[in-house]
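**Student:** Sharing a structure with you now.
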Amino acid sequence: MRSQSDFKQNLLSNLMKGDTDAFEEIYMKYNKKIYTFSLKYLKSKEDAEGVVQDVFLSLWQNCKKLRKDSNLEAWFFTITFNAIRKKFRSLSRQRKHLEKYGSQAVNFTDDVTEVEYHDLLDKTNSLIKTLPPQQKKVFILYKEKEYTISEIAEQLNISKKTAENHLYRARMYIKDALKKEGLISLLFFMLFIY
């Protein structure tokens, strides 16, 4: 059985060669997450769609510049954050949403780096370690092993509803803890945890 990291590495390698199928697979995995997060903050379907378009256009334009050891999730995190920041700046300049988003736009000060991504990843992994045992098992099987709820229920000998409940509680615990860290952490949660 091929590991998840081998699969991601193969996908990245194919993307770097300009493989449209690899690009489409990556698009299908991340576009809804990026859109949902963008919509939550921009409050405009058009603006959220624009962020998604900007992020994936940037990916396609830069796919041959990626390195084999590139962390695609860190790249997405950085580009999405910066695309939302750029949109906030644009909206502020137009005075379209200045009163509603002014305080959030001010918080977008520096570009997000891969170091910040890894800090958030470490923080998330620490939070996962503190989950109750059954929630931790369900969360890991779902997120890391990519099991379905049915497969998790069967593996752990619990009902599907119980598996869903454990997953929901684990997500909410991690989300609440990361929410205290600010908008960057929430973006990380929406893209990679939820």
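**Student:** Scan the range 120-137 residue by residue and report those that are surrounded by 15 or more Cβ atoms within 10 Å (Cβ to Cβ) and either outside the structural domain of A177 (by TED's automatic domain parsing) or in a helix (DSSP H, G or I) (or both).
**Tutor:** L120, L121, K123, T124, L127, I128, Q134, Q135, K136, K137
**Student:** OK, next. Please state which one of K96, K143, K179, K86 is modelled with pLDDT of 65 or more, under 24 Å from V55 (Cα atoms) and in the same structural domain as L39 (by TED's automatic domain parsing).
**Tutor:** Working: K96 fails: modelled with pLDDT of 65 or more; K143 fails: in the same structural domain as L39 (by TED's automatic domain parsing); K179 fails: in the same structural domain as L39 (by TED's automatic domain parsing).
One residue alone meets the criteria, K86.
**Student:** Can I ask one more? Determine which member of the set F56, F77 is at pLDDT below 85 and touching a Phe, Trp or Tyr at 6+ places or on another chain (Cβ under 9 Å).
**Tutor:** Sole residue among the options that is at pLDDT below 85 and touching a Phe, Trp or Tyr at 6+ places or on another chain (Cβ under 9 Å): F77.
**Student:** From (1) among the charged types (D, E, K, R); (2) modelled with pLDDT of 90 or more; (3) surrounded by 16 or more Cβ atoms within 10 Å (Cβ to Cβ), pick out the condition that doesn't hold for D47.
**Tutor:** For D47, the failing item is (2).
**Student:** Also: Looking at I152, I158, I174, which is the one that is part of a loop (DSSP other than H, G, I, E, B) and either more than 30 Å from L42 (Cα to Cα) or not assigned by TED's automatic domain parsing to the domain that holds F37 (or both)?
**Tutor:** Selected residue: I158, the only one of I152, I158, I174 that is part of a loop (DSSP other than H, G, I, E, B) and either more than 30 Å from L42 (Cα to Cα) or not assigned by TED's automatic domain parsing to the domain that holds F37 (or both).
The values are calculated or read from the model by the stated rules, or taken from the named source; none is laboratory data. Predicted model, so just to flag it, every value in this text is computed and none were measured. Neighbour counts are summed over all protein chains in view; Cβ atoms, including those assigned to glycine, are modelled from backbone coordinates with ideal geometry.
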